[in-house]
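Read-outs: derived from the displayed coordinates by stated rules, not from any lab. Keep in mind that this is a model prediction, so the values were computed, not measured. FYI the Cβ positions are ideal-geometry reconstructions off the backbone, even for glycines, and counts take in every protein chain you see.
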Amino acid sequence: MSLSFINFGETDKLSTKKYRFSPIIYGLTQISFYLLVIFIVILHLAPFLWQVICSLKNVDEIYSLPLKYIPSKISLSAYRDLISNPLFLRYLLNSILISLSTTFFCLLLASLSGYALSRLSLRFKTFFQFLLLIACLFPQIIFLVPLYELMANLKLINKPLALVLPYVTFSLPLAVWVMTGFFQTIPKEIEEQAIIDGFSRLKILTKIILPLSRPALATCAILIFIGPFAWNEFLFSLSFMIKDTSRTVPVGIALLSGASMYEMPWNKICAACVLTTLPLIIFVIIFQKRIIEGLTRGALK
Amino acid sequence: MPEVRLEKITKIFDKNIVGLKDFNLQVKDKEFVTILGPSGSGKSTALRIIAGLERQDKGEVFIDGINVSRIPPQERNIAFVFQSYALYPHMNVYENIAVGLRIKGYSQNEIKTRVQEVAELLEISDLLKRKPKTLSGGQRQRVALARAIAKRPKVFLLDEPLSNLDAILRERMRTELKLLFKRISGTVIYVTHDQAEAISLSDKIALIDKGRLRQLGSTDELYYQPKDLFVASFLGTPPINTFEVTIKEGNFVFGPYSFKIPEKYWPKIKNISKLILGIRPEDIKVYLKPEPSSFVCNISTVEKMSGYAILNLNCQNKTLKAVVERDFITSIREENLWIKFNEDKLYLFNRDTQQLL
Amino acid sequence: MPKSFDEQKFGLLLILPSFILLGLVALYPILRNLILSFTENDQFIGIKNFILLFQDERFKSSLFNTLLFCLISVPLQLFLGLVFALILQQRFFTRGFVRTSVFLPWALPTAVMAVAWKWIFNDTYGVFNDILLRLQIIKEPLAWLGKPDLAFFCIILAEVWKCTPFVTVILLAGLQSIPPELYEAISVDGANTLQRFRLITLPLLRPFLLVALVFRTIQALGVFDSIWVLTGGGPGGSTEPISLYVYDTVFRYLKFSYGSTMVIFSFILSLIFVFIFYKFWGDRQIEY
């Protein structure tokens with residue numbers, strides 16, 4: 001598209017785009033923009049919303065045609081069945097235990113490492129960052145076989161630790177980046193003053209840095225929890241937890257929807273999906289600003 | 001025909017903050033006009049409205065007789081030099097200058113010629129392959145200027161281009177800018193809060209405060225015939241001394257002092273009993289010993305500048321500033337000095353409206 | 001601060017636990033894969049596994065599936081991510097809510113949402129068929145998960161839905177890092193909206209696009225969760241990516257070393273992609 005605009009100094013061939021600032025065009029643009037936005041929101045929320053709707057139908061309605069978009073009678077039977085199912089509750093418990101442990105330990109390690117990386121220039125810093133890169137770049141499948149072997153040798157199969165160890169490890173990259181970024185914003189003068197005042201390095205960490213870090217710690221914790229290696233993780237959980245009672249909830253639901261598709265009605269499966277995703281959604285809604293801020297800062301690095 | 005004209009431009013920001021109110025401006029062809037004012041006075045807003053980067057709420061903008069009020073910036077045929085230069089970081093210097101020409105559809109050869117021409121003019125010919133982040137502040141500024149000049153626009157708009165430079169560089173660039181725009185003989189609208197810059201660079205100054213135009217005129221007009229107290233106080237370093245005086249029996253009286261009102265001011269003071277008197281520091285004559293019709297003052301501080309000195313004098317609890325030559329300082333032995341006003345250079349302002357009488 | 005020996009010791013101490021964990025759980029497996037692929041039951045067998053690999057039809061088919069999957073889903077994610085980021089960059093009423101919604105898919109468990117998609121794509125009771133029928137885009141319900149091409153479409157849709165937010169967030173960060181003055185300057189230089197996008201937005205977004213491209217491609221090469229749930233690799237292996245075949249090999253056929261061989265192949269493939277991307281897109285001068 002060649003745009004040979006008029007040459008300057010001489011008379012301007014007046015632009016035909018005089019309407020550019022007209023209110024009519026502006027109004028139309030606004031409307032179509034908002035329509036687009038609404039469409040985008042629907043696209044993103046629809047699958048989840050459909051699960052919610054289906055979970056509130058009772059068994060007959062789920063399998064009736066034509067499809068009803070609004071359940072004629074809201075039924076909580078699916079939820080009641082689920083909650084009274086000890087196996088499902090066990091899945092939930094496992095997930096909670098493992099996710100919380102992961103979050104806690106990862107946060108701990110990430111803070112210590114982040115602090116070290118941001119403050120001190122160490123000889124092994126580059127190598128450490130290289131390890132972090134490996135841990136976040138490659139897909140899980142690459143680690144699967146040897147890790148399974150390792151867990152089997154350590155007799156950790158079916159034990160929560162088998163999952164917590166890899167979860168913490170693979171959550172480290174993002175967590176360390178968030179914490180490092182945060183620590184770099186704390187002016188060095190504060191610590192230098194503390195050193196002059198005679199504080200030991202450990203005391204500096206616990207009495208000064210830690211209280212200051214609360215917001216960053218919170219953001220980091222949330223990012224770990226909703227990340228791909230805590231509540232949501234699937235592959236390792238499927239592979240390392242073979243006994244039914246050790247399973248986590250994503251695997252549980254997937255198995256329920258697979259093999260026993262004809263035994264468990266879909267309204268119950270939908271209910272299970274909703275229950276599993278609800279805590280995450282609540283987290284995201286409450287902490288959305290923090291999350292996006294944290295990820296954005298990480299991305300800028 | 002004026003090259004640029006603003007008619008009754010009004011702009012209100014969110015929360016009813018007035019940016020500009022009924023702002024008028026005329027800039028003639030090849031004139032160098034500075035919009036001068038304190039921070040937040042609306043000077044940058046005015047410039048951006050001329051450029052089309054902001055849209056006025058009321059009023060019209062004319063460039064070369066054409067109403068451009070509803071035309072976007074890309075079609076107004078202007079050049080804008082930003083305070084932070086806004087150089088494209090991902091392009092080298094050549095590209096930065098060339099991109100505007102490319103968009104307008106010039107041939108490769110024409111672009112090359114223009115860029116080299118303008119690079120020579122601004123002495124940046126050896127920087128053409130460098131990227132902005134490797135350049136110093138002064139160099140970046142030249143590139144920004146080169147970019148503007150290469151386009152040969154109808155109007156040059158400069159938004160505080162010297163603010164980000166250190167003091168020495170700023171002085172040098174000021175002189176260079178003056179020479180530069182003289183050579184190019186373009187129409188320039190310049191924005192700054194630095195009155196020294198404005199006085200030295202411009203043909204005319206438009207003084208603006210709180211969104212309103214206070215006075216438009218040549219530098220001499222604003223300096224010697226300020227419309228009101230604000231204008232008088234804004235121009236001049238150190239600023240003009242002002243204080244209230246009463247008129248009694250043909251004398252100006254302030255505190256224990258009084259002096260006869262010179263004849264030329266008589267028409268102005270009909271029916272007035274109180275007014276504000278202004279006298280510039282350079283118009284105060286300072287004596288080491290009492291002179292006829294002089295007043296005594298106590299020296300508060302002496303600020304030694306290069307080549308001259310500022311005396312802060314305490315006269316009856318009013319602080320007056322006077323400017324004297326450096327050598328004078330060495331002959332000061334006592335704490336008191338005697339001053340006399342240059343009676344040709346008095347400024348009389350209405351006490352309530354603060355307008356010049 | 002002087003780098004005292006104490007500081008070094010203290011720092012090392014802080015990093016040590018993470019170091020050990022990373023070494024054990026991240027580095028060691030990669031090396032172990034290498035060893036495993038050259039052995040069988042602890043006996044060195046040379047490159048036998050690799051020869052088998054190149055003759056393995058099922059592997060070739062899974063490789064093809066994986067590459068096709070990447071080729072379609074990744075550009076789609078980048079494109080949509082860019083569009084969404086551009087939209088979210090504007091200031092508008094309810095922007096916070098829209099941002100949260102757009103971000104949501106990434107926060108939800110892939111496997112669980114895959115179950116949701118399974119229900120949506122159900123041929124009898126699925127809402128996807130229902131909507132298409134009502135809009136009269138199709139005349140009869142389609143067996144989305146039952147036919148190879150349709151199933152492929154489904155897994156791509158599920159992946160794009162889940163992963164685009166990641167790209168959106170990165171690109172949004174990128175957009176926000178561009179100083180608005182550059183847009184003003186290029187406007188004054190004569191650029192219209194399209195030119196502003198081409199001359200300022202795209203070049204300055206390049207590093208962010210590159211990061212998104214690299215991460216998304218490599219993750220797409222290893223896709224597992226959603227496909228395992230949605231199609232299990234079927235029908236007839238038409239949607240089986242490498243990772244699913246590896247899983248089968250290891251957990252069904254218990255051929256550990258052969259699984260490692262496939263993984264090494266995947267690994268090298270990933271590295272090649274990273275290398276190519278950085279070479280061609282990393283530090284190139286802006287062309288015009």
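Just a few scattered comments:
- Taking the Cα centre of chain A as origin and assigning +1 to Lys and Arg Cβ atoms and -1 to Asp and Glu Cβ atoms, the resulting dipole is close to 320 debye.
- Peptide C:93-101 shows a mean partner chain C-beta count of 5 within 10 Å per residue C-beta.
- Label point distance in nm, C:Glu181-A:Phe130, each placed 7 Å from Cα along Cα→Cβ: 4.1 nm
- Each listed q (0.10, 0.17 Å⁻¹) maps to a log10 I(q)/I(0) for region B:241-350, found by the Debye formula over equal Cα scatterers with no solvent: -0.30, -0.80.
- Helical runs (DSSP H, four residues minimum) scored at -39500 (n - 2.57) apiece and divided by the length of chain A put the mean residue ellipticity at 222 nm at -22500 deg cm²/dmol.
- All-pairs alpha carbon distance profile, region B:41-144, 5 Å steps from 0, percent: 2, 11, 19, 18, 16, 15, 11, 6, 1, 0
- Unpaired Cys in chain A, meaning no second Cys C-beta under 4.7 Å: A:Cys106, A:Cys136, A:Cys220, A:Cys273.
- Taken residue by residue and averaged, Cβ atoms of other chains lying within 10 Å of the Cβ of C:220-231 number 4.
- Between the C-alpha center of region B:236-282 and that of region C:174-227 there is a gap of 66 Å.
- The dipole here belongs to the protein assembly as shown: it is taken about the Cα centre, uses +1 on the Cβ of Lys and Arg and -1 on the Cβ of Asp and Glu, and is about 540 debye.
- Given A:Lys159/A:Lys289; B:Lys264/B:Lys321; B:Lys43/B:Lys264; B:Lys58/B:Lys154; B:Lys227/B:Lys318; B:Lys104/B:Lys131, the pairs whose alpha carbons are separated by over 28 Å: A:Lys159/A:Lys289; B:Lys43/B:Lys264
- Alpha-carbon spread of chain B, three principal axes, descending order, Å: 77, 47, 37
- Value at 222 nm in deg cm²/dmol, rounded to 500, when DSSP H runs of n ≥ 4 in chain C each add -39,500 (n - 2.57): -23000 deg cm²/dmol
- Values of log10 I(q)/I(0), in the order q = 0.13, 0.14, 0.16 Å⁻¹, for region A:77-299 under a Debye, Cα-only, solvent-free model: -0.83, -0.93, -1.12
- With the largest listed first and rounded to whole Å, the semi-axes of the equivalent ellipsoid of chain C from the Cα gyration tensor are 36, 33, 19.
- Student exercise, region B:165-244 dipole from Lys, Arg, Asp, Glu Cβ charges, in Debye to nearest 20: 300 debye
- Between the helical axis of B:93-104 and the longest alpha-carbon principal axis of chain B there is an angle of about 70 degrees.
- Region A:172-301 - convex hull of alpha carbons, volume per residue in Å³: 141 Å³
- Shown for region C:133-219 is the translational diffusion coefficient from the Stokes-Einstein equation, using the Kirkwood radius over Cα pairs, a temperature of 37 °C and a viscosity of 0.692 mPa s: 202 µm²/s.
- Judged by the mean number of other Cβ atoms found within 10 Å, the most tightly packed of the peptides A:144-153, C:213-222, C:41-50 leads the ranking C:213-222, A:144-153, C:41-50.
- Whole-number D in µm² s⁻¹ for the protein assembly as shown, Kirkwood Cα-pair radius fed into Stokes-Einstein, 25 °C, 0.890 mPa s: 72 µm²/s
- Sorting the segments A:60-73, A:173-186, A:105-118, B:15-28 by their mean number of nearby beta carbons within 10 angstrom, highest to lowest, gives A:105-118, A:173-186, B:15-28, A:60-73.
- R0 of 56 Å, Cβ-Cβ distance C:Gln136-B:Lys178: FRET efficiency to nearest 0.05: 0.15
- Exercise: per-residue mean of other protein chain Cβ atoms within 10 Å, C:160-170: 2
- Förster-model FRET efficiency, 25 Å R0, C:Asp149 and C:Gln55, C-beta, rounded to 0.05: 0.40
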